[in-house]
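Working notes, structure below.
The values are calculated or read from the model by the stated rules, or taken from the named source; none is laboratory data. Predicted model only: the values in this text are computed from it and were never measured. In this analysis, Cβ positions are derived from the backbone assuming ideal geometry, glycine residues included, and neighbour counts consider all displayed protein chains.
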Amino acid sequence: MVANVGRSSQDLSGQWRIQHYEVGEKRAMEVAAAALDDRFWIGAAVPGDVHGALAERGIIDAPYYGHNDAKSRWIEQKEWWYRTTFNLDLHAVSGEQEHFEMIFEGLDTFATVYVNGHEVGRTANMLMSHTFDVTRLVRPGWNAVAVRFDPLFLHHHDKEQFDWSSYTKERPWLRKAAMNFGWDWGPRMVTVGIWGAVRLERSRIAKLENVYARTESIHTKHARVQVTADVRSVLSYRSRQKRTQPLVTTCDIRLLNEAGEVAANAVSLPVTGGQVHTMLHVADPRLWWTHDLGDPYLYTLEVTLYADGEMLDQYSQLFGIRTIELALQNGQGENRFAFILNGVPIYAKGANWIPADQMIGTIPDTRYKELVELSVEAHMNMLRVWAGGIYEKDVFYDECDRQGVLVWQDFAFANALFPDFNRDFMHNVRQEVRNNVLRLRSRTSLALWCGNNEIDWLYDMKTASGDITSPFYGERIYHELIPELLEELDPSRPYWPSSPYGASNGQDANDPDTGDRHNWQVWHGSVYPRKQGEVPVLDYSIEGVTFKNFKKDHALFSSEFGMHASANRYTLEKNMPEGQFYWGSPEMAYRNKDTNHQKGILLMKGYTGIPRDIEEYMNFSMLTQAEGLRYGIEHFRRINDRNRGALVWQLNDSWPGTSWSMIDYELLPKASFYYAKTFFHPVLPSLEHEPEEPLVLWVVNDTQEGIKGHLRLNVYDLHGELLYTRTDEVNAPLHSSTCIVSLQETQVLAAKQAEEVIVELVPEGFDAPVNRYFLRDPKDVKLPPSLLSVHLNEEDQSVTITASEAVARMVKLELPLGRVRFSDNYFDLLPGESRTVTLRHPEIQALPLHLLRICAMNAQEG
């Protein structure tokens with residue numbers, strides 16, 4: 001939460017009006033005129049965008065239904081105008097003349113702003129805020145604002161095209177969210193409009209800017225917090241000349257605890273050279289931790305500006321005391337990629353974040369809150385904001401600060417060459433980087449700046465394959481411009497030039513022995529290891545794409561990996577025309593934007609078998625994703641003396657499609673999300689096993705305390721008979737992975753076949769989830785029919801499910817409603833075992849439990 005509460009601010013967001021014209025149809029000054037009659041224009045919300053406004057008014061069909069996104073392509077060819085009016089009271093303040101600035105937090109993309117018919121400036125960047133001095137244009141009473149948006153083609157159609165720009169050649173010259181042009185998980189939807197909040201700020205004499213707080217050091221009973229702030233005079237030249245005495249400007253800076261008590265303060269600090277700075281000394285500090293390691297404690301930082309004793313401005317921001325480092329070597333001098341929080345090495349568990357909607361301006365704050373809450377529920381402690389989206393809205397960082405989730409922040413450069421030789425382009429980029437670093441650098445959750453997504457790595461691969469013959473255009477951005485600006489503006493936070501990045505012994509930038517790594521052997525079939533300069537090879541076979549390849553990966557940090565799964569039934573049915581909800585339909589194919597649909601078929605063919613209908617497709621794809629992610633992440637966590645992070649591609653969806661997401665567009669988690677509650681748990685009992693090889697039991701401990709207790713192994717046949725059990729002692733030090741015991745497969749099967757059993761690891765004496773496994777792939781497991789009995793409890797909004805006759809595989813609960821939270825879902829039940837699942841919704845108290853659908857892969861409710 002950031003607020004400037006001392007200066008006056010007038011919110012200009014809300015209902016505006018929009019209209020479109022053909023390019024050149026109208027004179028700009030005619031449409032921008034303050035007195036223009038816009039009564040017949042279309043109502044539109046700000047923040048928002050044109051697509052969202054037209055859909056809300058029924059002028060275009062719902063963009064995500066069927067193929068409707070393609071029907072709205074005409075929007076990107078038009079010139080769009082926004083208009084609003086506001087009233088201004090200039091009698092509230094006397095004395096020095098007021099200074100007025102109009103601030104747009106997001107303009108998409110080429111905009112010209114007019115106030116009372118006067119052009120005040122132009123923009124060429126969606127990815128930053130824009131401020132205009134309107135002091136001489138606003139007037140008492142009624143005022144008018146107009147914003148013209150050019151169609152993008154006017155700004156790229158005559159530009160040079162480069163060898164490489166994924167998904168479209170028009171992107172490199174446009175500072176706009178790359179995903180708007182389509183990606184392999186979302187449609188092309190080239191948005192336009194005012195996507196951020198708008199406000200009019202009025203100030204007198206001087207104002208605070210660029211307040212920056214960072215933890216300098218932490219000791220047992222003491223912490224030092226460095227605070228700097230810029231102070232900008234807003235007096236006109238004439239006003240400064242009239243003053244007979246120089247202004248005496250000072251600042252008070254204080255840190256308040258959660259009870260509102262002063263934890264540290266510095267008063268009457270002189271402003272010299274337009275800046276104030278101090279070191280706050282905090283006794284007995286409460287540290288900010290990720291939610292899995294402690295309390296994400298937040299103080300409140302307040303900075304108050306005075307001139308000649310009069311308060312002019314006040315700034316307030318939540319702030320956590322913490323240090324963050326990126327260790328690239330361990331104590332033995334070996335390569336490492338590990339985040340150190342408050343001196344404690346953490347294992348980064350989480351996912352990659354894409355914009356939460358194709359229409360970024362329409363995303364409500366509640367969507368951000370719910371997605372971060374779901375991340376925490378799944379024990380994630382890090383989210384990577386991917387380079388093809390935006391520098392996220394403040395509400396995202398608010399929630400990460402508050403809920404204890406670290407943020408890996410990419411700069412907005414993804415999968416393309418960029419014209420770093422062009423002066424105007426580089427000036428635009430420099431403004432963008434400076435704007436966002438200044439906005440985000442005090443964020444407690446922000447752990448890392450990263451220069452780009454996959455560009456360094458893919459440039460080498462595409463050059464080797466002959467797809468690129470040009471120089472590495474864009475290299476100056478990630479390896480010169482950004483690090484130079486960070487050295488000036490945010491020197492305390494680590495910077496990483498690209499993801500993946502790092503090479504040794506002639507390997508390419510996706511080297512497992514250096515830096516971070518993207519594993520796309522799984523799903524995309526990339527063949528590794530690969531030397532730099534070698535022609536890349538793809539293996540589209542069952543063996544080439546299988547998730548069993550995760551076990552060959554000994555990356556230091558796994559920052560991207562994953563596989564597709566279907567969206568949930570409600571999400572698909574809601575957005576598909578009647579009669580199209582079947583496996584293999586044109587609409588189902590349209591939901592999948594990946595380059596080769598055969599990859600998902602191959603994965604399922606090798607693991608579950610090929611689905612025969614839509615029900616099996618939903619089940620098989622979700623099971624493959626969930627078990628595949630578990631297989632990979634448990635492997636990465638078992639080698640945590642080397643691997644120090646696993647960030648799944650991807651957390652969320654931007655539209656209702658089939659993708660790598662763990663949570664679909666309607667905020668309904670997939671099976672992999674519920675599996676993550678176990679495989680991302682801070683304490684993980686884990687089974688390492690391959691067919692006909694030993695069963696190796698492990699306990700992974702990411703907590704700050706050692707664990708002692710016992711681990712019980714139970715082996716059941718599929719009708720629930722206990723075939724084998726044993727208990728072993730557990731002594732797992734903090735931040736460790738401990739091998740408990742190794743057992744021969746024949747030892748535990750008790751004359752049964754491996755495809756006829758289920759095994760479970762049960763922790764005793766320590767807090768950890770039960771973890772269950774089948775010893776063979778689903779296509780080989782001989783599942784007998786099971787029966788489910790269900791008891792609904794309307795009062796508690798819960799349901800109790802009991803299995804009988806045989807193991808119930810992947811019990812699934814479905815309700816035809818978005819945003820439903822199940823306490824558990826997609827789980828296995830032993831015969832005679834019951835599980836109570838509670839249901840909740842952020843806005844609905846009494847859910848329609850009578851519509852609940854419950855089934856399993858081998859069972860229906862009976």
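Collect the residues in the stretch 845-859 that are in contact with a Pro (Cβ under 9 Å, 6 or more places away or on another chain) and either over 29 Å from Thr624 (Cβ atoms) or modelled with pLDDT under 95 (or both), keeping them in residue-number order.
Pro848, Ala859
Would you confirm whether or not the stretch 787-800 contains a residue that is within 30 Å of His710 (Cα to Cα), modelled with pLDDT of 95 or more and in the same structural domain as Leu852 (by TED's automatic domain parsing)?
Looking for residues that are within 30 Å of His710 (Cα to Cα), modelled with pLDDT of 95 or more and in the same structural domain as Leu852 (by TED's automatic domain parsing), one finds at least one in the stretch 787-800, hence yes.
With the condition kept exactly as written, say whether any residue in the stretch 62-74 is of a type in the set (A, V, I, L, M, F, W, C), more than 29 Å from Phe396 (Cα to Cα) and more than 26 Å from the chain's Cα centre (by Cα).
For the stretch 62-74, residues of a type in the set (A, V, I, L, M, F, W, C), more than 29 Å from Phe396 (Cα to Cα) and more than 26 Å from the chain's Cα centre (by Cα): present.
Which residues, taken from the stretch 455-480, are surrounded by 15 or more Cβ atoms within 10 Å (Cβ to Cβ) and within 11 Å of Phe418 (Cα to Cα)?
Once the filter is applied, which keeps residues that are surrounded by 15 or more Cβ atoms within 10 Å (Cβ to Cβ) and within 11 Å of Phe418 (Cα to Cα), the stretch 455-480 yields Ile455, Phe472, Tyr473, Gly474, Glu475, Arg476, Ile477, Tyr478.
Would you point out the residue of the stretch 589-614, among those that are part of a helix (DSSP H, G or I) and either in the same structural domain as Arg188 (by TED's automatic domain parsing) or among the charged types (D, E, K, R) (or both), that is nearest to Ser661 (Cα to Cα)?
Within the stretch 589-614, the match that is nearest to Ser661 (Cα to Cα) is Lys599.
Quick one: is Arg148 basic (Lys, Arg), under 16 Å from His20 (Cβ atoms) and in contact with a Ser or Thr (Cβ under 7 Å, 6 or more places away or on another chain)?
Yes; evaluated as a whole, the condition is true for this residue.
Which number in (1) outside any loop (DSSP other than H, G, I, E, B); (2) surrounded by fewer than 16 Cβ atoms within 10 Å (Cβ to Cβ) marks the one condition that Glu201 misses?
Going through (1) outside any loop (DSSP other than H, G, I, E, B); (2) surrounded by fewer than 16 Cβ atoms within 10 Å (Cβ to Cβ) one by one, Glu201 breaks only (2).
Quick check: is even one residue across the stretch 15-38 in contact with a helix residue (DSSP H, G or I) (Cβ under 7 Å, 6 or more places away or on another chain), outside the structural domain of Ser585 (by TED's automatic domain parsing), surrounded by 18 or more Cβ atoms within 10 Å (Cβ to Cβ) and not hydroxyl-bearing (Ser, Thr, Tyr)?
For the stretch 15-38, residues in contact with a helix residue (DSSP H, G or I) (Cβ under 7 Å, 6 or more places away or on another chain), outside the structural domain of Ser585 (by TED's automatic domain parsing), surrounded by 18 or more Cβ atoms within 10 Å (Cβ to Cβ) and not hydroxyl-bearing (Ser, Thr, Tyr): present.
Rundown of residues vs (1) without any contact (Cβ under 8 Å) to a residue 12 or more places away in the chain; (2) surrounded by fewer than 24 Cβ atoms within 10 Å (Cβ to Cβ), yes/no style:
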| site | (1), (2) |
| --- | --- |
| Glu484 | yes, yes |
| Tyr495 | no, yes |
| Asn505 | yes, yes |
| Ala509 | no, no |
| Pro536 | no, yes |
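For residues that are over 30 Å from Glu373 (Cβ atoms) and at pLDDT 95 or above, scanning just the stretch 285-310, find the one that is surrounded by the fewest Cβ atoms within 10 Å (Cβ to Cβ).
Thr304
Going through Glu705, Glu760 one at a time, which residue ends up being under 29 Å from Val683 (Cβ atoms), surrounded by 14 or more Cβ atoms within 10 Å (Cβ to Cβ) and among the charged types (D, E, K, R)?
Working: Glu705 fails: surrounded by 14 or more Cβ atoms within 10 Å (Cβ to Cβ).
Sole residue among the options that is under 29 Å from Val683 (Cβ atoms), surrounded by 14 or more Cβ atoms within 10 Å (Cβ to Cβ) and among the charged types (D, E, K, R): Glu760.
Whether any residue in the stretch 780-800 is touching a residue at least 60 places away in the same chain (Cβ under 8 Å), small (Gly, Ala, Ser) and touching a Gly at 6+ places or on another chain (Cβ under 7 Å) is what I want to check.
Yes, that holds for at least one residue.
Could you tell me whether the stretch 84-107 includes any residue that is part of a helix (DSSP H, G or I) and modelled with pLDDT of 95 or more?
Within the stretch 84-107, not a single residue is part of a helix (DSSP H, G or I) and modelled with pLDDT of 95 or more.
When you go through (1) part of a loop (DSSP other than H, G, I, E, B); (2) in contact (Cβ under 8 Å) with a residue 40 or more places away in the chain one by one for Phe153, which number turns out not to apply?
Answer for Phe153: the failing condition is (1).
Kindly provide the set of residues from the stretch 52-61 that are out of contact with any helix residue (DSSP H, G or I) (no Cβ under 6 Å at 6 or more places or on another chain) and in contact (Cβ under 8 Å) with a residue 40 or more places away in the chain, ordered by number.
First, pick out the residues of the stretch 52-61 that are out of contact with any helix residue (DSSP H, G or I) (no Cβ under 6 Å at 6 or more places or on another chain): 53-59.
Selection gives Ala53 alone.
Find the residue count for the stretch 748-789, including only residues that are within 28 Å of Glu814 (Cβ to Cβ), of a type in the set (Asp, Glu) and in a loop (DSSP other than H, G, I, E, B).
Total meeting the criteria: 1.
Could you tell me which of the residues Phe132, Phe153, Phe181, Phe149 is within 29 Å of Asp37 (Cβ to Cβ), of a type outside the set (Val, Ile, Thr) and under 30 Å from the mean Cα position of the chain (by Cα)?
Of Phe132, Phe153, Phe181, Phe149, the one residue that is within 29 Å of Asp37 (Cβ to Cβ), of a type outside the set (Val, Ile, Thr) and under 30 Å from the mean Cα position of the chain (by Cα) is Phe149.
Residue check, Thr168 against (1) within 30 Å of Tyr65 (Cα to Cα); (2) touching a residue at least 40 places away in the same chain (Cβ under 8 Å), all met but one. Which one?
The single condition Thr168 does not satisfy is (2).
Taking the conditions exactly as written (within 26 Å of Glu833 (Cα to Cα) and outside the structural domain of Phe822 (by TED's automatic domain parsing)), does Lys670 satisfy them or not?
Yes, satisfied.
Tell me the strands (runs of 3 or more DSSP E) entirely within the stretch 694-734 that contain at least 3 residues that are within 17 Å of Asn640 (Cα to Cα).
Because the criterion is at least 3 residues that are within 17 Å of Asn640 (Cα to Cα), the strands (runs of 3 or more DSSP E) in the stretch 694-734 that meet it are 695-701.
Scanning the stretch 724-757 for residues that are over 15 Å from Arg772 (Cα atoms) and in contact with a helix residue (DSSP H, G or I) (Cβ under 8 Å, 6 or more places away or on another chain), which turns out surrounded by the most Cβ atoms within 10 Å (Cβ to Cβ)?
Ser737
For the stretch 677-693, give me each residue that is touching a Ser or Thr at 6+ places or on another chain (Cβ under 9 Å) and in a helix (DSSP H, G or I).
The one that is touching a Ser or Thr at 6+ places or on another chain (Cβ under 9 Å) and in a helix (DSSP H, G or I): Phe679.
Okay, residues lined up against (1) touching a residue at least 24 places away in the same chain (Cβ under 8 Å); (2) more than 13 Å from the chain's Cα centre (by Cα); (3) buried (at least 24 other Cβ atoms within 10 Å of the Cβ); (4) assigned by TED's automatic domain parsing to the domain that holds Met179:
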| site | (1), (2), (3), (4) |
| --- | --- |
| Gln329 | no, yes, no, no |
| Leu341 | yes, yes, no, no |
| Glu370 | yes, no, no, no |
| Met380 | yes, no, yes, no |
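Can you name the residue in the stretch 278-318 that is in contact with a strand residue (DSSP E or B) (Cβ under 7 Å, 6 or more places away or on another chain) and among the acidic types (Asp, Glu) and is also nearest to Pro682 (Cα to Cα) among such residues?
Glu302
Are any residues in the stretch 55-79 surrounded by 13 or more Cβ atoms within 10 Å (Cβ to Cβ) and in contact with a strand residue (DSSP E or B) (Cβ under 7 Å, 6 or more places away or on another chain), and if so, which ones?
Scanning the stretch 55-79 gives Asp69, Lys78, Glu79.
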